[in-house]
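Read the structure below first, then the notes.
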Amino acid sequence: EDDLPTKHKKDWQPQSIPQSLKEAIEVFVLVRAMRLARGQTDAHNSMLVNVSRFTAVQSRVRLLVDEYLRGVRQAVISYFRLDVSEALKNPTLVKLKDIYDREFASSAHSWNDIQPLLKDAVSPISVVEVNMSPSATPLDYSRQNYPNGRNVIAVGGMNLSRGLTLEGLTVSYFLRNSVMYDTLMQMGRWFGYRDGYADLCRIYMTSETASWYGHISDAADELREEFR
């Protein structure tokens with residue numbers, strides 16, 4: 001809440017991103033590495049970041065996310081080839097392994113399998129803005145332009161809420177508040193649900209938002225039961 005308050009004005013400029021968003025970025029890198037280990041080398045991989053409806057705030061968040069990702073990429077490039085004991089002298093590699101052990105311990109692959117893949121996982125990831133600003137980038141997933149798959153962190157707001165599809169969505173980070181059923185159901189697309197990597201998908205949201213999704217899930221189950 002200190003770094004990304006749910007309620008803010010359109011001219012507010014965040015100075016940093018919260019630890020939860022940093023972790024989400026690192027999880028995205030790990031997910032990409034695990035998909036490589038599974039042979040899904042040419043698959044699209046997407047992460048969604050939706051924390052504000054204001055374009056100027058989205059632009060600032062994109063810069064902060066890109067800056068953090070560059071730091072992770074540099075650490076990986078410098079240490080991924082080393083023996084595990086040497087690589088884990090770097091705090092970024094330590095954090096990646098800690099997250100891996102906590103989130104993906106049941107994976108068929110060990111850390112020794114994943115570490116050598118980290119460079120190929122993080123190198124092609126780009127951070128783009130999906131909104132109406134001049135700095136926005138189209139969400140193009142065409143094989144003509146991205147024959148090896150696109151790896152993207154999409155930062156946006158209303159445009160992401162209105163029907164855009166993120167191919168290979170695995171990590172969703174959002175703070176938008178809504179209690180309207182149709183809005184919540186539409187945003188449910190952000191959760192990711194694809195064969196071959198459903199177990200890798202992760203969602204970051206507030207406990208209040210989670211409770212609303214639980215509520216509409218119960219309501220949908222009740223409606224189905226009434227039809228039966």
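Counting heavy atoms of the protein chains alone, Val84 has an accessible area of about 40 Å² for a 1.4 Å probe. With Cα Rg over 2.2 N^0.38 Å in mind, check (1) 1.05; (2) 1.21; (3) 1.67 and report the label derived from this structure. Among (1) 1.05; (2) 1.21; (3) 1.67, the one calculated here is (1). Taking the longest Cα principal axis of the chain as reference, the axis of helix 91-103 is set at about 60 degrees. For the range 49-184, the Cα gyration tensor yields ellipsoid semi-axes of 31, 17, 16 Å (square root of five times each eigenvalue, largest first, whole Å). The angle between the Cα long axis of helix 207-227 and the longest principal axis of the Cα atoms of the chain comes to about 60 degrees, rounded to the nearest 10. Dividing the summed -39500 (n - 2.57) terms of all DSSP H runs of n ≥ 4 by the residue count of the chain sets its mean residue ellipticity at 222 nm at -13500 deg cm²/dmol. In terms of its alpha-carbon gyration tensor, the range 39-81 comes out oblate; a/c meets the 1.5 threshold, while b/c is at least as large as a/b.
The residue list Thr137, Leu64, Ile17 was ranked by how far each Cα lies along the charge dipole of the range 1-155 toward its positive end, using unit charges on Cβ atoms, and Thr137 comes out on top.
Convex hull volume of the Cα atoms of the range 17-111, normalised per residue: 113 Å³.
Which loop-located trypsin sites (Lys or Arg not before Pro) does the range 1-51 contain, where loop means any DSSP state but H, G, I, E or B and the Cβ has at most 12 other Cβ atoms within 10 Å? Don't skip to the answer; put the middle values down first.
Details: sites: Lys7, Lys9, Lys10, Lys22, Arg32, Arg35, Arg38; in loops: Lys7, Lys9, Lys10, Arg38.
The qualifying sites are Lys7, Lys9, Lys10.
Taking only Cα atoms, what is the 0 to 90° angle, nearest 10, from helix 55-79's long axis to the longest principal axis of the chain? Its long axis makes an angle of about 20 degrees.
A Gaussian network model of the chain, with springs between Cα atoms under 10 Å, assigns the largest mean-square fluctuation among Leu63, Leu48, Leu169 to Leu63.
The values are calculated or read from the model by the stated rules, or taken from the named source; none is laboratory data. Since the structure is predicted, the reported quantities are computational estimates derived from the model, not experimental observations. Please note: Cβ atoms are built from the backbone with ideal geometry, for glycine as well, and neighbour counts cover all protein chains shown. Side chains included, ligands, DNA and RNA excluded: accessible areas come from the protein's heavy atoms. Shrake-Rupley method; radii C 1.70, N 1.55, O 1.52, S 1.80 Å.
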